[in-house]
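Please read the structure below before turning to the comments.
The values are calculated or read from the model by the stated rules, or taken from the named source; none is laboratory data. Keep in mind the model is a prediction, meaning the values are calculated, not measured. Methodologically, a virtual Cβ is constructed for each residue, glycine included, from the backbone with ideal geometry; neighbour enumeration extends over all protein chains shown. Accessible surface areas use protein heavy atoms only, side chains included; no ligands, DNA or RNA. Shrake-Rupley method; radii C 1.70, N 1.55, O 1.52, S 1.80 Å.
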Amino acid sequence: MIPLRALRRAAPSEVAILAAMLGLVIALLAVLTGGRLVAPGSLAAMAFQMPLLALLTLAQVPPMITAGIDLSIVSIANLSGIVAALLLVRWHVPYAAWVAVPAALATSALAGAVNGLLIAALDISPIIATLATMILFQGVAFVLTRGTVLSGFPPQFLALSTGTIAGVPLPFVIFAACLAWVGVLLRRTAFGVTLYMLGSNPIATLFSGVDTRRALFRTYVLSGVLSGIAALVMASRFNAAQADYGSSFLLLTVLICVLGGVDPAGGTGSVLEVLAAIVILQIVATGFNFLGLSAYLANALWGTILVLAIVLRRLLRA
């Protein structure tokens, strides 16, 4: 029998909190920026900027639903981007722009499989296992690049971050497709139900006949593949790949997940709530940029928003 909590969607009150925060932030910053925040050009710019962090956050969601965490997502992204970059600018393979994409995704899937084996087969704590692999993958990336930046990619590859489909930025289309994919996996498949069960009660899930090791392994492979997709967007956007890009993104992904209702103790979480949290943080960053305020102040406000959301949820559940 499936525990009811494993299938619990976000309580209406929690959804209302995020919706209210989103509406308040948009209204306040729209007024303060004289409407520039909601101008078509600003919205298009946000659609180009948001997907990178959003994809990395999406990679963090499945492990956190199982009461785990993946500290290696940024290292996986950098390593995958470097593999793509080596194919594009150093190894000169035929049709490099077309080979680089599957090579990066294969690298990220392999890295995710390493995490999955450590956690599922060897019963190592996710935080310890992914901390170790974070350092490992970063070390491999430094060996491959010798600490240098790989840059100068062909236009076909750069189109991943500069192209549009029906006027919609291609990075946003990629993110939307991944969001829909993960959302269907979590809410419409047996695999997704298993993840919620693992986060709610792993012992009961095991005794219910579910292959928990296989589910955990697949969780971290999924997280790795999503990190690889983020790597392609990141390398294309920066027209470069390096071993230590995006190091500040890791804690932001955890912050966004918690703000979006993903319980660190596992068992709850929704990609739509996470999307709302991503939009809130992007709007705050863009609004502060328009106002000429320090990015550090934006970081402080993000932390304040997170604390308020946690306190409100605690009061509503009391």
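Scan the range 147-159 and give yes if some residue there is closer than 26 Å to LEU272 by Cα and either of a type outside the set (D, E, K, R) or in contact (Cβ under 8 Å) with a residue 24 or more places away in the chain (or both), otherwise no. Among the residues of the range 147-159, not one is closer than 26 Å to LEU272 by Cα and either of a type outside the set (D, E, K, R) or in contact (Cβ under 8 Å) with a residue 24 or more places away in the chain (or both), which makes the answer no. When LEU170 is tested against the conditions (1) open to solvent by 50 Å² or more (accessible area, probe 1.4 Å); (2) modelled with pLDDT under 95; (3) among the aliphatic types (A, V, I, L, M), the lone failure is (1).
For the range 189-240, which helices (runs of 4 or more DSSP H) that fit wholly inside it have 3 or more residues that are crowded, with 17+ Cβ neighbours inside 10 Å and over 17 Å from the mean Cα position of the chain (by Cα)?
Correct list: 190-200, 212-238.
Residues in the range 146-157 that are in a helix (DSSP H, G or I) and surrounded by 19 or more Cβ atoms within 10 Å (Cβ to Cβ): 1 in all. Of everything in the range 286-310 that's closer than 16 Å to LEU37 by Cβ, in a helix (DSSP H, G or I) and not hydroxyl-bearing (Ser, Thr, Tyr), which residue is most open to solvent (accessible area, probe 1.4 Å)? The extreme case among them is ASN289.
One residue stands out among those in the range 40-95 that are part of a loop (DSSP other than H, G, I, E, B) and modelled with pLDDT under 85: the one that is most open to solvent (accessible area, probe 1.4 Å), which is TYR95.
For the range 32-46, a tally of residues being free of Cβ contacts under 8 Å to residues at least 40 places away in the same chain and more than 26 Å from the chain's Cα centre (by Cα) returns 3.
Let me spell it out: the conditions are (1) modelled with pLDDT of 95 or more; (2) touching a strand residue (DSSP E or B) at 6+ places or on another chain (Cβ under 6 Å), and TRP181 meets all of them except one. Which number is the exception? Of the numbered conditions (1) modelled with pLDDT of 95 or more; (2) touching a strand residue (DSSP E or B) at 6+ places or on another chain (Cβ under 6 Å), the odd one out for TRP181 is (2). Being within 19 Å of ALA230 (Cβ to Cβ), among the hydrophobic types (A, V, I, L, M, F, W, C), over 18 Å from the mean Cα position of the chain (by Cα) and modelled with pLDDT under 95 holds for only one residue in VAL140, VAL114, VAL149, and it is VAL149. Out of all the residues in the range 121-135, is one or more closer than 20 Å to THR205 by Cβ, open to solvent by less than 50 Å² (accessible area, probe 1.4 Å) and of a type outside the set (A, V, I, L, M)? Yes, the range 121-135 has at least one match. Scanning the range 241-259 for residues that are farther than 22 Å from GLN282 by Cα and either open to solvent by less than 20 Å² (accessible area, probe 1.4 Å) or charged (D, E, K, R) (or both) yields a total of 3.
Select from the range 96-105 the residues that are open to solvent by 20 Å² or more (accessible area, probe 1.4 Å) and either in contact (Cβ under 8 Å) with a residue 60 or more places away in the chain or over 30 Å from MET64 (Cβ atoms) (or both) and list them in ascending order. Once the filter is applied, which keeps residues that are open to solvent by 20 Å² or more (accessible area, probe 1.4 Å) and either in contact (Cβ under 8 Å) with a residue 60 or more places away in the chain or over 30 Å from MET64 (Cβ atoms) (or both), the range 96-105 yields TRP98, VAL99, VAL101, LEU105.
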